[in-house]
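Report on the following structure.
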Amino acid sequence: MAPRFWEWLRGRTPLVDAFLAAPVLILAFPVLFGSGPNVSGIRYTVMTAALLVPMVLRRTFPRTIFAVVAAVSFVQWALNVPVLPANIAILMGLYTVTASCTFRWGLAAALVGELGTALATIRYPVGSDDKKFTFLAMTAVVAGVWILGLHMRTRRAYLRSVEERAERLERERDAEVQMAMAAERGRIARELHDVIAHNVSVIVVQADGASYAINTDVGKASQALETISSTGRLALAEMRRLLGVLREGDDAGEYAPQPGVAQLDDLVEQVRASGLAVNMRVDGSPATMSEGRQLTVFRIVQEALTNTLKHGGLRVSADVRLRYAGDTVEIRVVDDGRGAAAVSDGRGHGLVGMRERAAVYGGSVRAAPRPGGGFEVVARIPVREAA
């Protein structure tokens, strides 16, 4: 309820300004009704109204209202009308101009206020010693109101900049999320097409050839191979249809072959060019692996090195080791960065993606900070399907 009320008030500036000027009008009542000293009814009433009524629009037209109030005050001085409670309007106008306009306008309003202070000291009778004190006191008041207006102007500018920055960051975050989603969809589409579509095409061709080549138990064998062939064609058609949806609007151009183990050296050189010291070692004889497994090995190394670049800190180095042992390839990426002290932005899905990629081929991934500092990623991927 309260936020709605303040929003309602924010759109009704004249009403708020009239409410703020009401206490001054109450202070002026004794003078207006003849209970104050040296009262001359009509002049005081007109002068008070001329000073206070414009205050209703002081934030809507700050410079104009200040000029009007200053002009009325000068007429009051020229007619030798004594100081009124309503003369506080000049200070209210000074504050409004300083807080809502440029520094130059605020300074000009302060100089006008100081001129009024000098004229009032000259015109209105006080003792010689009291005149000095009165001038200094009124000067201090004018300076204080001006400084307060400057403070509010600076504070409002700061709040506006914070709000604009928050809105800009929110828009940039949304744009980054959309771009990341589009890039991820395109990447998944290309990978699925190049790896799965190729393998399914091979299955279809082999099944067609086998259905014509088998000479023993021709009926059942031919029926089984024809089922494999039709199922493969159906799966290939469905996959192409779904990937067509994913690739809709993708203008990435021609697709390059998917990276594999042979491209790890290029990846390491690319990361080194980014400023990360990387050492790579391969133990054992490289095994023959399918394109999908090679792509998984490449992506795991790529994601591990990317995480090191993002979270490792300054002057960090990394070691990449591939070890072929029997029917398994072990990927180990170790860095000497921040480790457990690294701050996550909460948006990353790299570790989850590595585990999912490895699980597709029956592998596993372990990623955790090292006890002595740094981070370690260890993945084990079977090089071929189990019988």
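The values are calculated or read from the model by the stated rules, or taken from the named source; none is laboratory data. This one's a predicted model, so the numbers in the text were calculated from it and none came from an experiment. Neighbour counts run over all protein chains shown; Cβ positions are idealised from the backbone, glycine included.
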Residue tally, condition buried (at least 18 other Cβ atoms within 10 Å of the Cβ) and of a type in the set (Val, Ile, Thr), over region 55-80
5
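Would you confirm whether any residue within region 155-169 is in a helix (DSSP H, G or I), basic (Lys, Arg) and over 25 Å from the mean Cα position of the chain (by Cα)?
Restricting attention to region 155-169, the residues satisfying the condition of being in a helix (DSSP H, G or I) are 155-169.
With the extra rule that they be basic (Lys, Arg), the set shrinks to 155-156, 160, 165, 168.
Among the residues that remain, those that are also over 25 Å from the mean Cα position of the chain (by Cα) are: none.
Checked against the condition, which is being in a helix (DSSP H, G or I), basic (Lys, Arg) and over 25 Å from the mean Cα position of the chain (by Cα), region 155-169 yields no hits at all.
Among the residues of region 298-305, is any among the polar types (S, T, N, Q), modelled with pLDDT of 80 or more and buried (at least 21 other Cβ atoms within 10 Å of the Cβ)? First the steps, then the outcome.
First, pick out the residues of region 298-305 that are among the polar types (S, T, N, Q): 302.
Next cut, modelled with pLDDT of 80 or more only: 302.
In the following step, the residues that additionally are buried (at least 21 other Cβ atoms within 10 Å of the Cβ) were identified as none.
No, there is no match, as no residue in region 298-305 is among the polar types (S, T, N, Q), modelled with pLDDT of 80 or more and buried (at least 21 other Cβ atoms within 10 Å of the Cβ).
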In region 78-118, the residues that are in a helix (DSSP H, G or I) and among the hydroxyl-bearing types (Ser, Thr, Tyr)
Tyr95, Thr96, Thr98, Ser100, Thr117
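Does Ala387 satisfy the criteria of being outside the structural domain of Gly284 (by TED's automatic domain parsing) and either at negative phi or modelled with pLDDT under 90 (or both)? Don't jump to the end; show me each part of the working.
Numbers: outside the structural domain of Gly284 (by TED's automatic domain parsing): yes; either at negative phi or modelled with pLDDT under 90 (or both): yes.
Yes, satisfied.
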Find all pairs meeting these conditions: Cβ atoms under 6 angstrom apart; at least six residues apart or on different chains; first residue within region 317-341 and in the same structural domain as Leu351 (by TED's automatic domain parsing); second residue among the acidic types (Asp, Glu) and in a strand (DSSP E or B).
Ala318/Asp335; Arg323/Asp283; Arg323/Glu330; Val334/Asp319; Val334/Glu376
Taking the conditions exactly as written (surrounded by fewer than 12 Cβ atoms within 10 Å (Cβ to Cβ) and either of a type in the set (Gly, Ala, Ser) or modelled with pLDDT of 90 or more (or both)), does Ser100 satisfy them or not?
no
Could you grab the pairs with beta carbons closer than 9 Å, sequence gap of 6+ or different chains, first residue in region 45-69 and closer than 18 Å to Val83 by Cα, second one outside any helix (DSSP H, G or I) and β-branched (Val, Ile, Thr)?
Met47/Val81
Residue in region 256-272 that is modelled with the highest pLDDT, counting only those that are under 20 Å from Ala287 (Cα atoms) and of a type in the set (Gly, Ala, Ser):
Ala262
Do we find that Trp146 is surrounded by fewer than 22 Cβ atoms within 10 Å (Cβ to Cβ), of a type in the set (Phe, Trp, Tyr), within 37 Å of the chain's Cα centre (by Cα) and closer than 26 Å to Ala18 by Cβ in this structure?
no
May I ask you to list pairs of residues, at least six apart or on different chains, whose Cβ atoms are under 7 Å apart, with the first in region 80-109 being within 13 Å of Ala70 (Cβ to Cβ) and the second being modelled with pLDDT under 90 and outside any helix (DSSP H, G or I)?
Met92/Arg58; Gly93/Arg58; Thr96/Arg58; Thr96/Arg59
